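Visitor: Have a look at the structure that comes next, please.
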Amino acid sequence: MKTTMTDRDKKLLLGMFIFVIVVAIGYWGIIPQIKAYNKLGTKIDKEEVTKSVNEQKVSNLIFVESMCEEFEEAMAENKAKFFDRMTEAEVDFMLTTKAVNHNLEAYSLSIDIPTKPSGRMAYVYSKLYLQQKEWEKERQKNDFDEDDEEDDLLGIESSDKKDKKDKSSKEDETIDIFGDTDTVGQNTDIYAAKVTISLGGDEADLKAYLNEIMASEKKILITSFSWGEYKTQKPVTVTAEEVIEAEEKAEAEGKTDGDGSESESGDDSSEKATTKKKTETKYELVTVKSLTVTMEIFMCDKVE
């Protein structure tokens, strides 16, 4: 049995063949090109932004260099107000030397040197403290919450997150050009060494020591101090003449009668003559004023 194709069947086959070719060309040829074109357009936009940023950098180079110089000068000036980072031995030497210069005795010293910068906020009623709190709030807002993390894992990006990214990218561009000069956070450079020292001596010398610490050009914060008493052995120089006189006085008071006493006095006269010019040192237990000071010594890395 023979089958013949009519003109109508031939036209349908030709139309289907053309349709298949068009779909194949569109799916494997045109659509990939459209996607590539869109990606290229996005890349071009990014490169345009980068080009704009670089042009602004070049135009603001002198301004940025002057800002860097001013920042370095200000940083060096501020660092000069703090002690260079010291070891426990160096802090001990500094404080005990001051004590010796004021004729004081340091009988207790505790030093705690931090290994990382102290996370210290500014004074609670200062303008800087308010700026730091605002900065902390902004930082917390930018942190992802649990929903955002879940969206990230699922590959979902909401419109709000896109807006945040766009805003942050614009801020990053500004920071990239001019530097982040307005953000104020916690301290990341200052080390606060906590020291407690107990001193003994005259009250006037103790007050002079305390005043010297308070008037230090370098940053020292006295957190507390207290007065007390301290017992110590004090050397007293006594001449042999005074010793002999004291012995003679004691003998005279305890003398009764008898030949033995007179013979002993004859023997003692030769000893007294030889020891008259000698001196000896005695130690007396005395009670003196004491001062206990708790302070924080602020240190930073050395200025290069």
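Visitor: Can you find, within the range 202-232, the residue that is farthest from Arg85 (Cα to Cα) among those that are in contact with an Asp or Glu (Cβ under 7 Å, 6 or more places away or on another chain) and either among the polar types (S, T, N, Q) or without any contact (Cβ under 8 Å) to a residue 40 or more places away in the chain (or both)?
Guide: Restricting to residues being in contact with an Asp or Glu (Cβ under 7 Å, 6 or more places away or on another chain) and either among the polar types (S, T, N, Q) or without any contact (Cβ under 8 Å) to a residue 40 or more places away in the chain (or both), the top hit is Thr232.
Visitor: Sticking with this structure for a sec: Take Asn103 and tell me if it is at positive phi and open to solvent by 50 Å² or more (accessible area, probe 1.4 Å).
Guide: In short, yes.
Visitor: Can you tell me how many residues within the range 197-236 are in contact with a helix residue (DSSP H, G or I) (Cβ under 7 Å, 6 or more places away or on another chain) and closer than 22 Å to Met299 by Cα? Steps first, answer last, please.
Guide: Step one: filter the range 197-236 for residues in contact with a helix residue (DSSP H, G or I) (Cβ under 7 Å, 6 or more places away or on another chain), giving 197, 199, 209, 212, 220, 222, 225.
Remaining after also requiring closer than 22 Å to Met299 by Cα: 197, 209, 212, 220, 222, 225.
Of the residues in that region, 6 qualify.
Visitor: Further question: In the range 191-240, what count of residues is obtained for those that are part of a strand (DSSP E or B), open to solvent by less than 50 Å² (accessible area, probe 1.4 Å) and touching a Phe, Trp or Tyr at 6+ places or on another chain (Cβ under 9 Å)?
Guide: Residues in the range 191-240 being part of a strand (DSSP E or B), open to solvent by less than 50 Å² (accessible area, probe 1.4 Å) and touching a Phe, Trp or Tyr at 6+ places or on another chain (Cβ under 9 Å): 11 in total.
Visitor: Sticking with this structure for a sec: Quick one: which of Lys137, Lys141, Lys133 is under 20 Å from the mean Cα position of the chain (by Cα), of a type in the set (Lys, Arg) and over 30 Å from Asp202 (Cβ atoms)?
Guide: Matching residue, one of Lys137, Lys141, Lys133: Lys133.
Visitor: Among the residues of the range 70-80, are any closer than 30 Å to Ser198 by Cα, open to solvent by 80 Å² or more (accessible area, probe 1.4 Å) and without any contact (Cβ under 8 Å) to a residue 24 or more places away in the chain?
Guide: Here is the first cut: in the range 70-80, the residues closer than 30 Å to Ser198 by Cα are 79-80.
Keeping just the survivors that are open to solvent by 80 Å² or more (accessible area, probe 1.4 Å) gives none.
Within the range 70-80, none of the residues are closer than 30 Å to Ser198 by Cα, open to solvent by 80 Å² or more (accessible area, probe 1.4 Å) and without any contact (Cβ under 8 Å) to a residue 24 or more places away in the chain.
Visitor: Identify, by number, the condition in (1) touching a residue at least 24 places away in the same chain (Cβ under 8 Å); (2) under 15 Å from Ser198 (Cα atoms); (3) surrounded by fewer than 13 Cβ atoms within 10 Å (Cβ to Cβ) that Val91 doesn't meet.
Guide: Just one mismatch for Val91, condition (3).
Visitor: Let me ask something additional. Six or more apart or on different chains, Cβ under 9 Å: which pairs go from a residue in the range 46-60 that's surrounded by 12 or more Cβ atoms within 10 Å (Cβ to Cβ) to one that's of a type in the set (Gly, Ala, Ser)? Could you list them?
Guide: Pairs found: Val49/Ser169.
The values are calculated or read from the model by the stated rules, or taken from the named source; none is laboratory data. Predicted model only: the values in this text are computed from it and were never measured. No Cβ is skipped: glycine too gets one built from the backbone with ideal geometry, and neighbour counts run over all protein chains shown. These accessible areas exclude ligands, DNA and RNA; they are computed on the full protein's heavy atoms, side chains included. Shrake-Rupley method; radii C 1.70, N 1.55, O 1.52, S 1.80 Å.
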